[in-house]
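Right, one structure below, let's go through it.
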Amino acid sequence: MTRKRRSIAAMAVVALAASGLPALAQKQGGTLRQYISANPSSLSILEEVSFTTVMAAGTVFNGLVVFDPAKPVGSADTVIPELAESWSWDASGTKLTFKLRAGVTWHDGKPFTAKDVQCTFHWLNGKEPGYFRKNPRRIWWQNLTEVTTNGDLEATFHLGRPQPSILAMLGSGFGVVYPCHVAAKDQRTHPVGTGPFKFVEFKSNERVRVVKNPDYWKKGQPYLDGVDSIIVGNRSTRVLGLIAGEFDLTTTGDITVPLKNDIAARAPHIVCTLGPTNVSTNLLVNAKRPPFDNAQLRKAMALAIDRQGFIDILSQGASSMSGAMMPLPEGIWGMPPEVLSKLTGYGGTLEERRAEARKIMEGLGYSAQNKVALKVSTRDLSSYKDAAVLMVDQLNQLHFAAELEIVESSVWFGRAQRQDYTVALNLTGSAVDDPDATLVESYACKSENNFTKYCNPEIEKLLEAQSQERDQVKRRQIVWDIERQLNEEVARPIITHGRTAQCRQPYVKGYVRAANSIYSNYRHDQVWLDK
């Protein structure tokens with residue numbers, strides 16, 4: 001072998017090792033046992049918000065494209081083909097044409113065609129209304145004016161204006177394609193896809209089971225015989241089950257730093273990967289309910305937040321501060337410290353901020369003898385409840401009399417969308433580290449996931465401006481302008497951005513933890529068990 005060929009071979013080995021994929025032949029067989037921390041509201045990925053649905057049903061579907069599961073960071077640069085073999089843009093950046101894969105069939109045996117792509121995205125953008133009961137990410141596709149087909153194997157997306165983020169959103173866990181011929185109600189309980197695994201059963205509060213699709217278009221895959229998503233509501237039970245070998249893989253956001261350290265002490269063979277999640281802990285304040293319709297009172301609440309306290313107590317210093325966008329260094333759009341420190345609630349000392357908050361409260365007539373009574377609502381997941389307890393304690397150090405209200409997980413997002421709360425401690429996970437997902441979904445006037453119903457015409461213009469800006473440096477400056485204004489208006493105060501661990505048994509191979517989304521890398525067609 002020549003020196004040049006040896007060098008190329010060595011680089012290939014290094015690249016394979018860096019990808020996290022095994023260098024040896026994958027083994028066929030076995031069932032992956034992963035747990036999810038709450039009962040999914042349904043298995044219809046396109047109608048739900050929670051990661052529990054994506055984790056349980058993501059194995060059933062494909063998208064036109066997908067984030068490369070061998071790479072931890074999902075972005076437009078790591079998108080690879082799935083149902084589309086290739087794609088191309090026109091010169092204007094408003095037409096995106098996909099050449100589709102031939103010979104793909106749905107799990108019920110019917111052929112996959114361009115018509116299915118057209119149906120799915122006409123349902124999503126509202127061109128054909130009435131299919132979905134809920135459409136939480138319709139706002140993602142507001143710029144998608146039309147999907148046309150050219151035969152069975154070509155589909156073109158027509159955009160109202162350039163939007164570079166479209167490929168990244170299509171590559172996310174929420175970018176899957178549905179069959180035209182299956183009703184939405186059936187997708188909620190018995191989903192049909194083209195993915196590596198076929199749905200078998202969903203037993204509420206017990207498990208979701210899928211088995212190998214023998215006709216999967218990716219020949220030789222999946223390697224697993226099946227995946228069981230076991231629903232376990234109690235975090236201690238989940239961790240003990242992992243240590244005892246009852247589970248092979250955890251969720252991305254479940255294992256805190258203290259739990260990771262405990263697992264390492266009790267079961268050092270278990271592999272835990274600590275990293276960012278692109279999930280923010282944030283405060284929802286219903287500005288329609290007095291006295292929180294007073295902007296000064298909302299500002300006082302924002303000033304009361306001890307972000308470093310949250311970070312130190314909940315993550316032993318691992319989590320980060322940022323605005324709505326994922327923080328540096330992993331995040332592309334996060335503000336550097338010198339910019340972030342100029343925002344209300346981030347600069348100065350905690351004592352200075354709380355002194356200002358007390359002054360505002362007392363100016364409004366509140367005191368130790370006349371406190372603001374409120375309930376802080378939150379979801380019945382440990383990650384929510386732990387943070388909500390801290391939030392209640394911090395508010396009660398000022399002129400608030402706060403108490404905690406726990407809301408059952410399956411109805412949490414419905415209540416949030418109806419604004420059925422006064423103050424709520426919420427976690428927001430972004431499927432893509434891009435403003436068109438994170439900012440548009442949370443702050444655009446017409447977004448179903450704009451839980452505070454914040455609506456500002458000036459912000460709407462800025463959201464559109466950043467979306468079509470192709471220069472990333474210029475786009476980042478617009479994003480920071482949006483962040484500054486959201487902070488000034490206390491639109492949805494961001495408390496922290498989490499860092500947690502995902503753990504797996506050492507025999508789980510081929511799985512790479514997603515570093516910037518809890519909604520990615522759950523196709524599992526490349527995962528195998530080395531037993």
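The values are calculated or read from the model by the stated rules, or taken from the named source; none is laboratory data. The model shown is predicted, which means the values in this text are computed figures rather than measured ones. For neighbour counting, all protein chains shown are included, and Cβ atoms are generated from backbone atoms with ideal geometry for every residue, glycine included.
Annotations
- Restricted to the stretch 332-413, the set of helices (runs of 4 or more DSSP H) holding at least 2 residues that are within 20 Å of Arg235 (Cβ to Cβ) and in the same structural domain as Ser320 (by TED's automatic domain parsing) comprises 382-395.
- Residue under evaluation Gln419, criteria (1) out of contact with any Lys or Arg (no Cβ under 8 Å at 6 or more places or on another chain); (2) at pLDDT 95 or above, criterion not met: (1)
- Restricting the stretch 226-248 to residues that are out of contact with any helix residue (DSSP H, G or I) (no Cβ under 9 Å at 6 or more places or on another chain) and of a type in the set (A, V, I, L, M, F, W, C), the residue that is surrounded by the fewest Cβ atoms within 10 Å (Cβ to Cβ): Ala244
- In summary, strands (runs of 3 or more DSSP E) completely within the stretch 206-317 and bearing 3 or more residues that are out of contact with any Gly (no Cβ under 7 Å at 6 or more places or on another chain) and closer than 21 Å to Ser520 by Cα occur at 226-231, 271-285.
- Of the residues making up the stretch 486-508, not a single one is of a type in the set (Phe, Trp, Tyr), crowded, with 22+ Cβ neighbours inside 10 Å and in a loop (DSSP other than H, G, I, E, B).
- Scanning the stretch 173-186 for residues that are of a type in the set (Val, Ile, Thr) and not in a loop (DSSP other than H, G, I, E, B) gives a single hit, Val176.
- Any hit, the stretch 438-456, residues being loosely packed, with under 15 Cβ neighbours inside 10 Å, touching a residue at least 12 places away in the same chain (Cβ under 8 Å) and touching a Lys or Arg at 6+ places or on another chain (Cβ under 6 Å): no
- Just so you know, in the stretch 82-107 the residues that are farther than 17 Å from Val176 by Cα and among the charged types (D, E, K, R) include one that is surrounded by the fewest Cβ atoms within 10 Å (Cβ to Cβ), and it is Asp90.
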